[in-house]
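Please read the structure below before turning to the comments.
The values are calculated or read from the model by the stated rules, or taken from the named source; none is laboratory data. Bear in mind the structure is a predicted one, so any value in this text is a computation, not a measurement. We place every Cβ from the backbone using ideal geometry, glycine too, and count neighbours over all the protein chains shown.
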Amino acid sequence: ADKVTLILDWFVNPDHGPIIVAQEKGFFAAQGLEVEIIPPADPSDPPKLVAAGKADIAVSYQPQLHLQVHEGLGLVRVGTLVATPLNCLLVLADGPVKSIADLKGGKIGFSVAGVEEALLGAVLGRHGLSTADIELVNVNWSLSPSLMSGQVDAVIGAYRNFELNQMDIEGVAGRCFFIEEEGVPAYDELIYVARAEGLDRELMARFLAATELATQYIINNPEASWEIFKGTAAELDDELNRRAWIDTLPRFALRPAALDAGRYARFEAFLLEAGLIEDARPVAEIAIDVGAP
Amino acid sequence: MTRVASVAVVVACAIAFWQVLVWATGVPPFILPGPGRVATALWEARALLAQHFVVTAAEVLAGIALGSVLGALTAVQLVAAPRLGRAVMPLLVFTQAVPVFALAPLLTLWLGYGVWSKIAMTLLIIYFPVASAFLDGLGRTDPGLLDLARTMGAGRGRTLLFLRLPAALPAFASGLRLAAVYAPIGAVIGEWVGASQGLGYLMLLANGRAKTDLMFAALIVLALMTVALHAGVGALGRRLDAYAAGRREAV
Amino acid sequence: MTRVASVAVVVACAIAFWQVLVWATGVPPFILPGPGRVATALWEARALLAQHFVVTAAEVLAGIALGSVLGALTAVQLVAAPRLGRAVMPLLVFTQAVPVFALAPLLTLWLGYGVWSKIAMTLLIIYFPVASAFLDGLGRTDPGLLDLARTMGAGRGRTLLFLRLPAALPAFASGLRLAAVYAPIGAVIGEWVGASQGLGYLMLLANGRAKTDLMFAALIVLALMTVALHAGVGALGRRLDAYAAGRREAV
Amino acid sequence: MPPLRHGDAARGRLLGHGAEGRGVTPAPGIRIRGTLDFGDGYRIPGLDLDVPAGQWTCLLGPSGVGKSTLLRLIAGLDAGGALEGEIAASDGRALAGRIAWMGQSDLLAPWLDVAGNVGLGARLRGERADPARIEGLIAEVGLAGHKAKRPPALSGGMRQRVALARTLMEDRPVALLDEPFSALDARTRAEMQELAFRVLAGRTVLIVTHDPAEAARLGHQIHVMTEIGLSPFPAPAAPPIRPAGARETLEAQAALLAALRAPGAVIEGVS
Amino acid sequence: MPPLRHGDAARGRLLGHGAEGRGVTPAPGIRIRGTLDFGDGYRIPGLDLDVPAGQWTCLLGPSGVGKSTLLRLIAGLDAGGALEGEIAASDGRALAGRIAWMGQSDLLAPWLDVAGNVGLGARLRGERADPARIEGLIAEVGLAGHKAKRPPALSGGMRQRVALARTLMEDRPVALLDEPFSALDARTRAEMQELAFRVLAGRTVLIVTHDPAEAARLGHQIHVMTEIGLSPFPAPAAPPIRPAGARETLEAQAALLAALRAPGAVIEGVS
Ligand SMILES: Nc1ncnc2c1ncn2[C@@H]1O[C@H](COP(=O)(O)OP(=O)(O)OP(=O)(O)O)[C@@H](O)[C@H]1O
Ligand SMILES: Nc1ncnc2c1ncn2[C@@H]1O[C@H](COP(=O)(O)OP(=O)(O)OP(=O)(O)O)[C@@H](O)[C@H]1O
Ligand SMILES: [Mg+2]
Ligand SMILES: [Mg+2]
């Protein structure tokens, strides 16, 4: 079997459903792959380690990928894990912020630094505000607590499938402004990235085929797949993960290998306009379809 | 006996204070759960906690052993070659100022995701306090003894070994006490860099999933480990103190 | 003069080593950029760096001042009431084992995202080394002097103030030296807990944008600040050492 | 300017602190009875010493026999041995707080200058030390020109004189002096003896010394301590402080020296 | 079992390390010329001292005059004063490495037991100390029963004897002894003087003492140091070590004591 090292974007959570299920159901093995799954704590590390050749595949984010490619990391997207944005601008459901315009003069927390400013700029721009009208605060380790405790008026970078459930469990209702509905071009939240140089397309194709099978299994057997997922580690079996599992199901890419080139071109253009990159690269340098002839 | 009793009283007071704090400030449980919730989590997750504890404890012990040996060697080296020492010291301080997360990718690049990157992190964190305290101690030998050694025609190395070093043992013990406190933190940070087991992993996981009570349970296990380590190193330190002061017959 | 020269040589060696490391291991620039790239980033972002530096430096200085005063007071308090001290010590150690990210929500809840949560974090980090080192020193007073004080009918408090305390100044200096090294890290961590300015914030931002050279530039500014602090505190420490040994006429 | 050195210090001035001058309680005698046990098998049984009130009692004896230990025990300090028995003041009150102890080593605080060390006791008790008295005593021990020096910059004898001045500052009815003049030259030693005798007039003084001349000059009582107990040695008839060159003193000194050199002669009286 | 105490130690045994017995280079004389400057205005100009080879030279003088400083300077150590002038060995070679120095304080390492402290020099030089010689010297200084004790458990005089034994272990042609017997009782002191004289036979010895009897007993030469310089004092005609009770010794002692008490008499010869 071919050994593959896969670094997740973070600790194991329902977002990684297809990977875990593929591993547990033996879909990787059936493709002749022996996959080692490594969870890191800092989401900005995995792409670096893959680019450095320390791992074969990393789970990462499309917006970050654009920036990383421009910084010379030599990565390409080879597949998609979650095909819609999960990111949302989260506020308290019964808080003072009823519309995005109410954020004027407020504090917005973010966690993973990078493109938040650009995303926010687009969202605020639609409501006649700019990033100069708000204060951006890095709240690193406490996205929802900082919102629930009223330290910030909103947070960006919260995941609609998690933070909403999490707040609900704590008894504080949250409200999501879905950023793709607020002027941000739609993008793939979670993608698989690999080193562009010396890319083994055939290996990637087998890897993606296994996750595709796993995704279909999850869609077909939501309950059984949850049992498999929670069975892999005692700490995964809890209320939040159970709820998140249901909410994440529809968002898994059913065709992980399929590439929507236009989506990558649009996001590149969006970042260029936001001033985060200095030129627009062709899509082929950012994302590829490993199955394309 | 009275010692145990007074510790018990203080611990009871601390728990009471914690409970009162939670009640009085109305701090929500997802930020600071009360002692009752945490106790429940401790009990319910005991197997999980024990399993992760073993991993972290092993990392901590290895890190302490390596870190204090390296720290001590560095201090000795710096004293043995004082001109080099004075020049190297700023560099050492410089390296200490590098935050972990800048090192994390490097560490994983070179050491992988296994236990070694955690041991390295622990080592990095305790290395400096040990070296710094020991170095201070090595520089404070009774000048009269050094005069004597000079007239006796002692070499720099032997003076270091037979006079400076024993006289600096209490300072070394000071460093070790700090190391005992920081080593667990080092291992936990090491686990944040990338791990699939250990108390640090468990904490971050619990935190990310708002299982604050489990996180605090893991934290209490970690803190108890630290207290035990500190007490153990404290006992060793008292023996070193007594030895250097000539109050005991043997170490 | 020779001191400056030898430091220069060591720094040059370190930079050369860094460059060689980058070349030899082929570590990619997005994990460890070479000195040239970082120098460029330093120069190009000098205004940005200066602006964030000022914020962090202010936090660090305030944190050191508060932390060393509190640490010293704690040590004195523990010695003044030794039974309480022995009971409280484990608690103190316990609190030290609590990792930052467990405290982060609490700190921001109570102190907000302003400068105070950073000062608190700096304080928390340096408090223990100062208290621990000073405590060790306060416990090592010449027993002959304490005997003398007893026959003189000295109160516990005055013995502490006039004998134990001056004799423990070198140990306090040891603690301060450690504090100088950890204070900047404390401030940076405080900024990671939540901030919109400061070197820590800048580092995190640069890291998220994969601008590793900017991150390292910020890191170098931070490290230089640490080295300067350490040198300053070291000079103070040498005066305290000399005072306690009776080698100078005045502090 | 050259500092004041030995010889040119203002010595003659009499300080106004004789025993009666200040409000010191009458000095008690001290009674010691029991067995001195050093814990390693070495014991001095049947120790029996009366230190009469208001007088000078000199204690001599071989090195390591237990003189300092005895002084420390009287001073209420931890010591190398323990006394199974009693140490009591003749007036029935506790001794604690009524003793000025000068240890065998100088025990100076290195960070305090001479004046600071001499005034340490008052400071430690939170009292205001009379600066004139400190100055006076420093001058009397011949260190007027060295007042601002710290201990590491003093010679061994100067350090001992600072410790002496510090002890004399303590206005206590009982003084325990452990070889207080051992590091001094003959002339300074004689002067310091006279100073101590004058300042401690009326106090109960127990002094350990290895110098027979000192014992012959200062002692109302002289005791020799050996491994098997204490034995009294006759002091000269004249009251102390006796002239150093007086015939009687010299004879007592010679006899004492002979006794110390040939221990059998002394111990006779005991076993 | 009761440890060996003063008196019952095996003393008589002659150690086989007289000057000729071991391969010690012939002892040089030492010549000191110049001005001793203490930096605070105190200076002793025109210092002129010859320490003859293979003999005992005794140095006396008031406390704080600079005796220890002079010894430290000869030993090559930092001291409270500096000598503007020269310190030279009579054979023209460097003094460094040929001196055994016994400081005024005992300078024992607290963590080493008696045997460890006595053998420290060899250990510091990486030589193998002869354990029999260490044992022998410890027995000769009367500490056979205390070999395994650490300094804090020793009396002041015992500590001084450990320091003496340590100095005697150093097989050096020159010995500088700074009040080496000051903490000892008369009998032990006499024994230690004899021991030192025997072990250091043939060596050049410069010894500081405050005891005229000691100087009269040990000195081939006697010098008195004062604030204005050094003046020689005539030593008894008989060669040392002289019997303590001998008439000539007692007379020299008395004369020296008188001279020390009345400084004018001594200084005559100098200024
Ligand atoms: N380390 C020092 N720094 C400054 N001055 C010093 C130092 N040591 C000694 N002195 C000064 O030098 C002078 C001579 O001191 P030294 O110790 O040589 O005297 P000494 O003759 O040995 O006296 P004693 O008989 O009391 O031991 C004294 O005035 C003392 O104050
Ligand atoms: N702290 C200690 N712990 C254990 N034993 C001690 C301690 N101090 C002294 N001793 C022992 O007690 C005995 C008596 O010591 P002490 O100091 O009383 O003698 P001393 O008569 O004062 O002698 P010296 O004239 O040498 O000062 C010695 O045998 C010594 O070894
Ligand atoms: Mg004694
Ligand atoms: Mg001297």
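Listed here are the residues, each with its yes/no results for (1) modelled with pLDDT under 95; (2) at the interface with another protein chain (Cβ under 9 Å from one of its Cβ atoms); (3) more than 16 Å from ligand 2 (Cβ to nearest atom).
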site: D:H146; (1), (2), (3): yes, yes, yes
site: D:Q160; (1), (2), (3): no, yes, no
site: D:L177; (1), (2), (3): no, no, no
site: D:V205; (1), (2), (3): no, no, yes
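Only one of the listed residues (D:V51, D:V65) is among the β-branched types (V, I, T), in the same structural domain as D:G219 (by TED's automatic domain parsing), modelled with pLDDT of 90 or more and away from ligand 2 (no atom under 12 Å from the Cβ). That residue is D:V51.
Within segment B:214-234, none of the residues are at pLDDT below 85 and more than 8 Å from chain C (Cβ to nearest Cβ). Among the residues making up segment E:50-75, those that are away from ligand 1 (no atom under 14 Å from the Cβ) and either within 23 Å of E:S182 (Cβ to Cβ) or part of a strand (DSSP E or B) (or both) are E:D50, E:V51, E:Q55, E:W56, E:T57. Checked against (1) modelled with pLDDT under 90; (2) within 22 Å of C:G114 (Cα to Cα), A:E163 meets all criteria but (2). When the criteria are applied in full, E:I30 meets the requirement of being over 24 Å from D:R150 (Cα atoms), away from ligand 1 (no atom under 14 Å from the Cβ) and within 17 Å of the chain's Cα centre (by Cα).
Per-residue answers, yes or no, for (1) within 14 Å of chain E (Cβ to nearest Cβ); (2) away from ligand 1 (no atom under 11 Å from the Cβ); (3) modelled with pLDDT under 95:
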site: D:T167; (1), (2), (3): no, yes, no
site: D:R187; (1), (2), (3): yes, yes, yes
site: D:F197; (1), (2), (3): no, yes, no
site: D:A201; (1), (2), (3): no, yes, yes
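Any chance segment D:171-180 includes a residue that's outside the structural domain of D:R125 (by TED's automatic domain parsing), within 16 Å of ligand 1 (Cβ to nearest atom) and buried (at least 20 other Cβ atoms within 10 Å of the Cβ)? Within segment D:171-180, one or more residues are outside the structural domain of D:R125 (by TED's automatic domain parsing), within 16 Å of ligand 1 (Cβ to nearest atom) and buried (at least 20 other Cβ atoms within 10 Å of the Cβ).
Taking the numbered list (1) closer than 30 Å to C:V88 by Cα; (2) buried (at least 19 other Cβ atoms within 10 Å of the Cβ) in turn, C:V38 passes all entries but (1). If I ask for residues that are surrounded by fewer than 24 Cβ atoms within 10 Å (Cβ to Cβ) and not in a helix (DSSP H, G or I), which ones from segment A:86-104 would you list? Those that are surrounded by fewer than 24 Cβ atoms within 10 Å (Cβ to Cβ) and not in a helix (DSSP H, G or I): A:L86, A:L92, A:A93, A:D94, A:G95, A:P96, A:V97, A:K98, A:S99, A:K104.
Is it the case that some residue within segment A:255-276 is under 17 Å from A:D15 (Cβ atoms), under 21 Å from the mean Cα position of the chain (by Cα), surrounded by 15 or more Cβ atoms within 10 Å (Cβ to Cβ) and of a type outside the set (S, T, N, Q)? Among the residues of segment A:255-276, at least one is under 17 Å from A:D15 (Cβ atoms), under 21 Å from the mean Cα position of the chain (by Cα), surrounded by 15 or more Cβ atoms within 10 Å (Cβ to Cβ) and of a type outside the set (S, T, N, Q), which makes the answer yes.
Meeting the requirement of 1 or more residues that are modelled with pLDDT under 95 and within 11 Å of chain D (Cβ to nearest Cβ), the helices (runs of 4 or more DSSP H) wholly within segment C:112-185 are C:143-151, C:156-159. Per this entry, D:L49 is counted among residues that are away from chain E (no Cβ under 14 Å), within 17 Å of the chain's Cα centre (by Cα) and surrounded by 20 or more Cβ atoms within 10 Å (Cβ to Cβ). Among the residues of segment C:73-102, those that are more than 16 Å from B:A183 (Cβ to Cβ) and at the interface with chain B (Cβ under 7 Å from one of its Cβ atoms) comprise C:R83, C:R86, C:A87, C:V88, C:P90, C:L91, C:F101, C:A102.
Criterion applied to D:P173, D:P152, D:P131 was being within 13 Å of chain E (Cβ to nearest Cβ) and either more than 16 Å from ligand 2 (Cβ to nearest atom) or touching a residue at least 40 places away in the same chain (Cβ under 8 Å) (or both), and the one residue passing it is D:P152.
Selection over segment E:88-122 of residues that are within 22 Å of the chain's Cα centre (by Cα), within 26 Å of B:A245 (Cα to Cα), facing another protein chain (nearest Cβ under 7 Å) and surrounded by fewer than 20 Cβ atoms within 10 Å (Cβ to Cβ) gives a count of 1.
A single member of E:G119, E:G157, E:G136 is under 25 Å from D:A79 (Cα atoms) and outside the structural domain of E:L184 (by TED's automatic domain parsing), and it is E:G157.
Among the residues of segment E:53-64, is there at least one that is over 15 Å from the mean Cα position of the chain (by Cα), more than 8 Å from chain D (Cβ to nearest Cβ), away from ligand 3 (no atom under 16 Å from the Cβ) and at positive phi? No, that holds for no residue. Would you mind stating whether E:A144 is within 16 Å of ligand 4 (Cβ to nearest atom), of a type in the set (G, A, S) and within 26 Å of D:H210 (Cβ to Cβ)? Judged against the criteria, E:A144 is not a match.
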